[in-house]
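S.K.: What follows is a structure written as structure tokens; I'll ask about it next.
Since every read-out is calculated from the coordinates, none of them should be taken as a lab result. If you're wondering where the values come from, they're calculated on a predicted model, not measured in any experiment. FYI the Cβ positions are ideal-geometry reconstructions off the backbone, even for glycines, and counts take in every protein chain you see.
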Amino acid sequence: MTILNKISAEEAKNRVDASLSLLVCIYDDDKFNSHAHLEGAIPMSEFLKLKPDLAKNTNIIFY
């Protein structure tokens, strides 16, 4: 079951810094690289490559 929760930017940063969550930008590579990159984030294209190997309980934060 997928559970969706809204969290603050501070909470997201704390989770990513503690390696508790994966931060994924929903934009394509061009926009990610030029406008939407947050520290610790990966672009959607990278996420899609990792997705088959991620554990089902992986905590993912999309922005």
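S.K.: Test of understanding: what is the full-extension gain from Ser45 to Thr2, defined as 0.36 nm times their sequence separation minus their Cα-Cα distance?
M.R.: 13.4 nm
S.K.: I would also like to ask the following. Restricting to DSSP H runs of at least four residues, report the calculated mean residue ellipticity at 222 nm for the chain, -39500 (n - 2.57) per run over all residues, nearest 500 deg cm²/dmol. Don't skip to the end; give the middle numbers.
M.R.: Working: 2 runs with 16 residues, N = 63.
My calculation for the chain gives -7000 deg cm²/dmol from helical runs alone.
S.K.: Something else: With θ set to phi - 60° and the Karplus curve 6.51 cos²θ - 1.76 cosθ + 1.60, what are the ³J(HN,Hα) couplings of segment 47-63 in order, to the nearest whole Hz, using x for Gly and Pro?
M.R.: Each residue of segment 47-63 in turn: 4, 5, 6, 7, 3, x, 9, 6, 5, 4, 9, 5, 7, 10, 10, 9, 9 Hz.
S.K.: Moving to a separate point now. Mind listing the long-range amide H neighbours of Tyr27? Cut-off is under 5 Å, sequence gap 5 or more, other chains count too, H placed in the peptide plane at 1.01 Å from N.
M.R.: Met44
S.K.: Okay, next question. Would you mind putting 19-28, 48-57 in packing order, based on average other-beta-carbon counts within 10 Å, highest first?
M.R.: 19-28, 48-57
S.K.: Which FRET efficiency value, to the nearest 0.05, do you get for Thr58 and Ala9 by plugging their Cβ-Cβ distance into 1/(1 + (r/R0)^6) with R0 = 35 Å? Each step should come with its number before you reach the end.
M.R.: Numbers: r = 20 Å, r/R0 = 0.58.
Given R0 = 35 Å and the Cβ-Cβ separation, E is 0.95.
S.K.: Just subtract the alpha-carbon distance of Asp17 and Leu38 from 0.36 nm times their residue separation and send over the number in nm, one decimal.
M.R.: Extra length from Asp17 to Leu38 when fully extended: 6.4 nm.
S.K.: A further question follows. On average over all directions, what projected area in square nanometres does the chain have, based on the convex hull of its Cα atoms?
M.R.: Details: hull surface 17.8 nm².
Mean projected area for the chain: 4.4 nm², to one decimal.
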